[in-house]
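Everything on this sheet refers to the single structure shown next.
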Amino acid sequence: MDTRPVIECKNITHYYGNRLIYKDLNFEVHKGKILGLLGKNGTGKTTVINILNGYLKPRAGVCSIFGEEMDSLSPATKGRIGLLLEGHIQHSYFNVMQIERYYSRFFSRWNAEAYFRLIEKLQVTKTQKISTMSCGQRSQVALGLLFAQDPDLLILDDFSMGLDPGYRRLFVEYLKEFAERGDKTVFLTSHIIQDMEMLIDDCIILDYGKILLHEPTEYIMQNFRRFTFVAKEKTGNTASLNILRHTARTSGDRWETYSFASGREVGEALEAEGYRISALKEENLTLEDAFIGLTGKY
């Protein structure tokens, strides 16, 4: 049994000109997992996708897929990868039936049922042209064509672009069912976090230049908290304590901070930072709230 990661990135460093995108980026994606690479616009999510697929050569480091390095993927390995770049679809002059027939010729494991099951949910006719569809419907057609390839690994770059909440939820449910039924591995990027907590098994939160966090989604949801407190003044010397994230005044004498630590540890850390606190409260978070708590609001 092959226990190697499906995706492995080691010490990836990349620049655009003199601008550092990230330095010594390391992560793995294991078989059967749905991993979300989450980050604000401009943090380098699409750059990771391009490096993975050999479209872009990093300044340093190496990525591999199914044990093959990014710049020398064999045709057999490429055939196991389903890639979607920002939901784009070509040949929009085809209708729903024609585009399925066209793409089916290029993939030996083509599964037309996976395509048409998703199409049925779109409330479009099989003779409707792609060019007459809404942006969300076109994106769903592209996703359906991807599923029909029956890839072992799906790489989805900002799949939610152009999808309204209804279509986004439809896709999330369909993708999770598809991945679990076929023991697929999924690597996706997004800056829209709302639906990710019900989809992804593991979460990488990417900040400018580095990975802030790589943990199971369940661990983040169960352990990361927002703490609010009252502090009328901050006095004395401050200590550098890594357990606190983005401590800031919200209004008047009310403040907030985020942490994986317990309430007692947070209280002690705030006191060590020079805050005189009262009314310390903790709050469970959605994944979107946790993302903001880790990356900051801006």
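The values are calculated or read from the model by the stated rules, or taken from the named source; none is laboratory data. Since the model is a prediction, treat every value here as computed from it, not as a measurement. Positions of Cβ are backbone-derived with ideal geometry, glycine not excepted, and every protein chain shown enters the neighbour counts. Accessible surface areas use protein heavy atoms only, side chains included; no ligands, DNA or RNA. Shrake-Rupley method; radii C 1.70, N 1.55, O 1.52, S 1.80 Å.
Of the residues making up the stretch 168-187, those that are buried (at least 23 other Cβ atoms within 10 Å of the Cβ) and touching a helix residue (DSSP H, G or I) at 6+ places or on another chain (Cβ under 7 Å) number 2. Looking across 274, 267, one residue alone is modelled with pLDDT of 90 or more and farther than 22 Å from residue 49 by Cβ. It is 267.
Residues of the stretch 54-76 being in contact (Cβ under 8 Å) with a residue 60 or more places away in the chain and either open to solvent by less than 20 Å² (accessible area, probe 1.4 Å) or among the β-branched types (Val, Ile, Thr) (or both), which ones? Reasoning before the result, please.
So the first thing to find is which residues in the stretch 54-76 are in contact (Cβ under 8 Å) with a residue 60 or more places away in the chain, and the list is 65-67.
Selection gives 65 alone.
Is it the case, given these coordinates, that residue 190 is closer than 30 Å to residue 23 by Cα and either open to solvent by 50 Å² or more (accessible area, probe 1.4 Å) or touching a helix residue (DSSP H, G or I) at 6+ places or on another chain (Cβ under 9 Å) (or both)? So residue 190 fits the description; yes. Does residue 25 fit the bill of being surrounded by 17 or more Cβ atoms within 10 Å (Cβ to Cβ) and farther than 20 Å from residue 82 by Cβ? Yes; evaluated as a whole, the condition is true for this residue. Can you give me the number of residues within the stretch 146-167 that are outside any loop (DSSP other than H, G, I, E, B) and open to solvent by less than 10 Å² (accessible area, probe 1.4 Å)? Within the stretch 146-167, residues that are outside any loop (DSSP other than H, G, I, E, B) and open to solvent by less than 10 Å² (accessible area, probe 1.4 Å) number 8. For the stretch 54-84, the set of residues classified as out of contact with any helix residue (DSSP H, G or I) (no Cβ under 7 Å at 6 or more places or on another chain) and under 18 Å from residue 158 (Cα atoms) consists of 55, 81, 83, listed by residue number. Checking every residue in the stretch 98-111 against the condition of being surrounded by 21 or more Cβ atoms within 10 Å (Cβ to Cβ), touching a residue at least 12 places away in the same chain (Cβ under 8 Å) and out of contact with any helix residue (DSSP H, G or I) (no Cβ under 6 Å at 6 or more places or on another chain) gives at least one match.
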